[in-house]
């Protein structure tokens, strides 16, 4: 998710890889992720489809239609999320490339992995009220997870792996569990449907007034800070931010409008704190 200066984890993975992953986890103080009750069954024995189904089950059980997370309920029912994170720790497109034969398979996996790790990280941190500057430093830079047997931060996962894949629509899909993030979906992203799913996420994001607010009297458009954080990515696909936004909007923003950016709300998107409502 946004950088801190903006205000601002072959064949069957077992044996050697699993032992190596566990040692990394122990060194990082992540035994709660890898060494839970179900650790006796190496997670890579599960198919990626089964993993996506598990992640979808977590999302549908603890995320409402507005994308708010029931962290209180999740704290009392951690097994599903922990199982999702265990597979991320053991398997990824680098450690097991045969499982990810397409760009779509790799990108869908990394998006889902990022979101699952962010959810786990917030829960593991005790669900703070918000990410202050120091909190963002700890959460995105210093907090390490295991992805495919390697230690990595969320910052590096996003900026060194996901963003270089060259699809700026990921910024409408990656979710660090803050209020200003895109809506967290209730289903996993999938290799076969990824292009359609990212298009839908883009249309939803730019269709929300909080993300693209048009003031026709002032001839100005106020964009989500995400467009400020990642301007370079969007301009690689369009001549201007307005041109990029207009690709996904029914009501076009005039190209000569002045562009401003909204402040980013780092409040944790905890359903019990940011509002109640039935899914």
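Read-outs throughout are calculated quantities, based only on the coordinates presented, and are distinct from any laboratory measurement. Only a predicted model underlies this, so the values are computations on that prediction, with no experimental measurement involved. Note that we place each Cβ from the backbone using ideal geometry, even for glycine, and neighbour counts take in every protein chain shown.
Observations
- Ascending count of other beta-carbon atoms within 10 Å, so fewest first, for 220, 177: 220, 177
- Per-residue Cβ neighbour rank within 10 angstrom, fewest leading, 167, 92, 199: 199, 167, 92
- Beta bridge orientation in segment 200-261: antiparallel %, DSSP, nearest 5: 50
- Over segment 163-279, the Kirkwood radius and the radius of gyration, each from Cα atoms, give a ratio Rg/Rh of 0.97.
- Contour excess over end-to-end distance, with Cα ends at residue 72 and residue 102 and 0.36 nm allotted per residue: 7.1 nm
- A Förster distance of 30 Å, applied to the separation of the beta-carbon atoms of residue 255 and residue 204, puts the FRET efficiency at 0.85.
- Distance between segment 109-179 and segment 207-239 - C-alpha centres, whole angstrom: 23
- Here the scattering of segment 73-142 is modelled by Debye summation over its C-alpha atoms, one equal scatterer each and no solvent; at q = 0.14, 0.21, 0.25, 0.26 Å⁻¹ the log10 of I(q)/I(0) is -0.53, -0.95, -1.10, -1.13.
- As a rough guide to protection, the peptides 112-118, 80-86 ranked by mean Cβ packing within 10 Å, highest first, stand as 112-118, 80-86.
- Rounded to the nearest angstrom and listed largest first, the equivalent-ellipsoid semi-axes of segment 60-186 from its Cα gyration tensor are 22, 16, 16.
- Computed over segment 200-261, the ratio Rg/Rh where both radii use C-alpha atoms and Rh is Kirkwood: 0.91
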